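Any read-out appearing in this document is the output of simple, stated calculations on the displayed coordinates, not a laboratory observation. Worth saying up front: this structure is predicted, and the values here are computed from it rather than measured. Glycine gets a Cβ as well: all are built from the backbone with ideal geometry, and neighbour counts include every protein chain shown.
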Amino acid sequence: GSGKFFIGGNWKCNGTKDSTTKLVSDLNSAKLESDVDVVVAPPFVYLDQVTSSLTDRIEVSAQNSWIGKGGAFTGEISVEQLKDIGCKWVILGHSERRHVIGEDDQFIGKKAAYALNEGLGVIACIGELLEEREAGKTFDVCFQQLKAFADVVPSWDNIVIAYEPVWAIGTGKVATPQQAQEVHVAVRDWLKKNVSEEVASKTRIIYGGSVNGSNCGELAKEEDIDGFLVGGASLKGPEFATIVNSVT
Ligand code: G2H
């Protein structure tokens, strides 16, 4: 693995004020292993509430950000606004934004470059569709998405790569530890050849897609799996804490 484990909770478009208050209070009272970076990504409307009520032990991420400075961009949220409320990270390139909303590599790259230049950390997501995997294109797709980030980012210091095979997202169909490890090794190798040996060895590559309290232990044993991006199972405080505590 590459340094500290990184566990992200992607709350997606879920929750109410009440359920968010409950989740924050469960996280605040959970006992979390000290040598794991823990980040949660609430929906925008609850971001300020979470940032001001959540323990400093856990950092907060946005689920999206605008490509540049704020202004006349109806419905968008700027990096400056995120920083203003104490948000430290942003998730970019998530498959739901690529495949449901229609964001392309270039647009995602712009967002990543802007966020990094302004000092936010980026959780950069990549991953193949089922038909791409079945056509033997998993590595091609991941490398192309990776290249779109590599072409524009100012540095890799503040990037965590999340490999999320689309067929495993929210489906309950988790990748096997071997399937995930195989892609993580390929990603690291791509970084080595196309960025640098240092970036390849230092960058954390986390896995996402139906991770839960029962399957995380086996996945975490793989050499190149440096953590997880957790969706559904991050909405339950105790289960999320179990995941954080099962990686070390
Ligand atoms: C993948 C993951 C979190 P889930 O999207 O990013 O979600 O764990 O629900 O598959």
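Each distinct pair of alpha carbons in segment 131-198 adds a 1/r term; the inverse of their mean, the Kirkwood radius, is 13.1 Å. Compactness ratio for segment 1-102: Cα radius of gyration over 2.2 N^0.38 Å (N = residue count) comes to 1.12. In this entry, segment 81-130 is assigned a mean projected area of 3.7 nm², taken as a quarter of its C-alpha convex hull surface.
Based on the reciprocal of the average 1/r between different C-alpha atoms, the Kirkwood radius for segment 125-248 equals 14.7 Å.
The ellipsoid equivalent to the alpha-carbon distribution of the chain has semi-axes of 25, 22, 17 angstrom, derived from the gyration tensor eigenvalues as √(5λ) and listed largest first. Taking other residues whose beta carbon is less than 13 angstrom from the beta carbon of Ala200, and scoring Lys, Arg as +1 and Asp, Glu as -1, yields 0.
Cβ crowding within 10 Å ranks Tyr163, Tyr207, Tyr114 as Tyr114, Tyr163, Tyr207, fewest other Cβ atoms first. For the set Lys69/Lys110; Lys17/Lys173; Lys147/Lys192; Lys31/Lys83; Lys137/Lys202; Lys12/Lys202, the pairs lying more than 22 angstrom apart at their alpha carbons are Lys17/Lys173; Lys31/Lys83; Lys137/Lys202; Lys12/Lys202. Shown is the FRET efficiency for Ile85 and Asp151, computed with R0 = 35 Å from the Cβ-Cβ distance and rounded to the nearest 0.05: 0.70.
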